[in-house]
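The values are calculated or read from the model by the stated rules, or taken from the named source; none is laboratory data. Only a predicted model underlies this, so the values are computations on that prediction, with no experimental measurement involved. Reconstructed Cβ throughout: ideal geometry from the backbone, glycine too, with neighbour counts over all protein chains shown. For accessibility, only protein heavy atoms count, side chains too; no ligands or nucleic acids. Shrake-Rupley method; radii C 1.70, N 1.55, O 1.52, S 1.80 Å.
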Amino acid sequence: DPQISFMVAELYKQAGLPDGVFNIVNGDKVVVDALLESENVQAVSFVGSTPIAKYIYEKGCSSGKRMQALGGAKNHMVVMPDADIEHTINSLIGSAYGSAGERCMAISVVVAVGDEVADTLVTRIKENLKTLVVGASLATDPESEMGPLITKEHCNKVKGYVDLGVEEGAELVVDGRNLSVDGCESGFFLGACLFDRVKPNMRIYQEEIFGPVLSVVRVNSYKE
């Protein structure tokens, strides 16, 4: 959401940061290529999908720039037996499903140490997701906690990953594929999804999904 960047810029200005120190330039590939090719730009940092990260890294390096390109994030949360479950659940719900999971720092995998921990997590997350409010926007629905995905194509891609997880043998505890929002039936909505007993060899574990899909991996010990 570019509005957040504008708000940050406004706060910097209010704090007294001189004009020109922090700049926001929105655009598509044309703008990106212009930045990568400009002699005035000495370094570039990027976070996003793996194919685009590779493209930006290679193009920036060919222009002699210092480059940092991070792609395909799969952020893990390890939950130990002595964890504060209430705090953990609240953090997981916000991180995994906030912004419909479409942010690079979203938690997409929770590693539960011990079956007792895993059982508690899965049960509590499932209960919490029953009350998760999905809506079009905060403007039309102030109680909304999760909105639609960015495009129809991406929504279908994420749904495809949920289908794949079922085919791979993971246990789909919460299925949000059939969610419908009143008044927005043609919107790109996908309800929160929760997988249990996900294995490291599964594609839903290995690949970035970038949607409201949380995977639970069970291990017997921290060392494992």
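As an exercise: evaluate Val44 against (1) of a type in the set (A, V, I, L, M); (2) touching a Lys or Arg at 6+ places or on another chain (Cβ under 9 Å); (3) more than 27 Å from Gly101 (Cα to Cα) and give the number of the one condition it does not meet.
Here Val44 meets the rest and fails (3).
Please count how many residues of the range 140-175 are over 20 Å from the mean Cα position of the chain (by Cα) and either modelled with pLDDT under 95 or basic (Lys, Arg) (or both).
Total satisfying the criteria: 4.
Residue-wise test of (1) open to solvent by 40 Å² or more (accessible area, probe 1.4 Å); (2) closer than 28 Å to Gly135 by Cβ; (3) out of contact with any Leu (no Cβ under 6 Å at 6 or more places or on another chain).
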residue: Asn26; (1), (2), (3): yes, yes, yes
residue: Ser38; (1), (2), (3): no, no, yes
residue: His87; (1), (2), (3): yes, yes, yes
residue: Ala100; (1), (2), (3): no, yes, no
residue: Arg103; (1), (2), (3): yes, yes, yes
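Do you know which residues across the range 196-216 are of a type in the set (D, E, K, R), modelled with pLDDT of 95 or more and either surrounded by fewer than 17 Cβ atoms within 10 Å (Cβ to Cβ) or under 23 Å from Ser49 (Cβ atoms) (or both)?
Across the range 196-216, the qualifying residues are Arg197, Lys199, Arg203.
Specify which of the listed residues (Ala73, Ala83) is over 22 Å from the mean Cα position of the chain (by Cα), closer than 29 Å to Val134 by Cα, touching a residue at least 24 places away in the same chain (Cβ under 8 Å) and open to solvent by less than 60 Å² (accessible area, probe 1.4 Å).
Ala83
From the set of residues in the range 159-195 that are open to solvent by less than 40 Å² (accessible area, probe 1.4 Å) and of a type in the set (Gly, Ala, Ser), which is farthest from Gly147 (Cα to Cα)?
Here the answer is Ala170.
Take the residues in the range 120-156 that are in contact with a strand residue (DSSP E or B) (Cβ under 8 Å, 6 or more places away or on another chain) and closer than 15 Å to Leu214 by Cα; name whichever of them is most open to solvent (accessible area, probe 1.4 Å).
Step by step, filter the range 120-156, then rank; the result is Lys126.
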